[in-house]
1. Would you please name the residue that is farthest from HIS171 (Cα to Cα), looking only at residues in the stretch 41-74 that are free of Cβ contacts under 8 Å to residues at least 12 places away in the same chain and of a type in the set (Val, Ile, Thr)?
2. Could you say whether any residue in the stretch 115-130 is crowded, with 16+ Cβ neighbours inside 10 Å, modelled with pLDDT of 90 or more and either assigned to a helix (DSSP H, G or I) or under 20 Å from the mean Cα position of the chain (by Cα) (or both)?
3. Condition check: surrounded by 16 or more Cβ atoms within 10 Å (Cβ to Cβ) and at pLDDT 95 or above. Does TYR141 satisfy that?
4. Checking LYS43 against (1) surrounded by 14 or more Cβ atoms within 10 Å (Cβ to Cβ); (2) outside the structural domain of PRO114 (by TED's automatic domain parsing): exactly one of these is not met. Which one?
5. Kindly indicate the residue of the stretch 50-82 that is of a type in the set (Val, Ile, Thr) and crowded, with 16+ Cβ neighbours inside 10 Å and also farthest from ALA102 (Cα to Cα) among those meeting that condition.
6. Quick one: which residue in ILE204, ILE178, ILE193 is assigned to a helix (DSSP H, G or I) and either touching a Gly at 6+ places or on another chain (Cβ under 9 Å) or crowded, with 21+ Cβ neighbours inside 10 Å (or both)?
Amino acid sequence: MSSSKDFAVVISLGVFVSILFLIFIIQVYSYMKMKTEQETIQKELEQKTLHVIQTFQVDKHTKYVLAHNYTQNHGFNKFRNFDSVLLIFNDNLVGEGLGGNAQSRYYSNSLGIPTGDHSLQGGKGFTNLMFDNPDTYKYEYYKSPNQGQNYSVKDIIDMSITNIKTYLKNHPKVIYVIYSGDSSNNQKLGTNIFQPGVKVVDYITDEIHKIWNLN
């Protein structure tokens, strides 16, 4: 009987040690992954392909909004699936397509803000923050209980911003929010496929710049 108890104790101890070892391995992997991400961000900052736009203190941690010099040869792929990064890409109303920085659409760490309706249907950029032709724009991407209701451009942008802030609240490991800066002024949102109106670009830019104000 004693030997059976001893054997059970040894087995339990072995399981306990294995769990501790597994936890240690996970922590080491997490640390190394975060270190690699930090080094990548720092390198991009030094090469001036990333630019610090805003810094915030959130729960005693420093958080950043960064503008990225996006080109087809220098896209968001370097930051793919980074736990410390949330990528913001220029989206459309139906949540489809991989053109421009929307190549990141299916990354685990990306969310979109619509800047136009749908390029594959001969779409165009939003001309202003209110709909000038309600029949042109259908609220399809962010589903509503009131199906078929038309929303203003501002409504859609605001819902996208709320979605992003919810993600940030639920993912405390995120340190950097990265968007594509305009080639001539990285303070502003860059656009390519769609050419939204100035007020639309300015509004989205402002909302991104203060995205870490999570309340």
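The values are calculated or read from the model by the stated rules, or taken from the named source; none is laboratory data. All values reported here derive from a predicted model rather than from experimental measurement. With ideal geometry, Cβ positions are generated from the backbone for all residues, glycine too; neighbour counts draw on all protein chains shown.
1. Within the stretch 41-74, the match that is farthest from HIS171 (Cα to Cα) is THR71.
2. The answer is yes; a qualifying residue exists.
3. The answer is no for TYR141.
4. All conditions pass for LYS43, except number (1).
5. ILE53
6. On the way: ILE178 fails: assigned to a helix (DSSP H, G or I); ILE193 fails: assigned to a helix (DSSP H, G or I).
Result of the check over ILE204, ILE178, ILE193: ILE204.
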